[in-house]
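Have a look at the structure below before the remarks.
The values are calculated or read from the model by the stated rules, or taken from the named source; none is laboratory data. Everything numeric here is computed off the predicted structure, so don't read it as measured data. Counting neighbours? That spans all protein chains shown, and the Cβs are built from the backbone with ideal geometry, glycine included.
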Amino acid sequence: MSQKPHSRIAAKPQARAPVFAALGDETRLMLVAKLCSGQPYSISQLAGDSRLTRQAITKHLRVLERVGMVRSVRSGRRSLFEFNPKPVEEIKEYLDSVSAQWDQALARLKAFVEE
């Protein structure tokens, strides 16, 4: 008997923890929001309208890079960073799976109470 896709996704929540941890920081959320535009940005561009140093931005980008949400591409002497949506899509699938499980549990509870 094969598992349903959402069961397979929910089976390994610990695999999702690093992505949730990476998104648990306000600065990294800001960087992801900016990078979601689809345009690659340099560290200087990302730090431009922020009070953060380029070193701080780099540190946060490395965290996002480790979980696969950001990838860097060399352009001459500088690195450009771009968003990779795959980890976010996987998190969305995971949360949809958890939501479906809760919906099923609530439906069972409702049926039990109404009997």
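Close Cβ contacts (under 7 Å, 6 or more residues apart or on different chains) running from residues in the range 16-44 that are free of Cβ contacts under 8 Å to residues at least 60 places away in the same chain to residues that are in a loop (DSSP other than H, G, I, E, B) and not acidic (Asp, Glu) comprise Pro18/Val67; Ala22/Val67; Ala22/Met69; Thr27/Leu52; Val32/Met69. Of all residue pairs spaced 6 or more apart or on separate chains, those with beta-carbon atoms under 8 Å, a first member in the range 83-110 that is free of Cβ contacts under 8 Å to residues at least 24 places away in the same chain and a second member that is surrounded by 12 or more Cβ atoms within 10 Å (Cβ to Cβ) and among the small types (Gly, Ala, Ser) are Asn84/Gly68; Lys86/Gly68.
Checked against (1) charged (D, E, K, R); (2) modelled with pLDDT of 90 or more; (3) surrounded by 15 or more Cβ atoms within 10 Å (Cβ to Cβ), Arg16 passes all but a single condition, namely (2).
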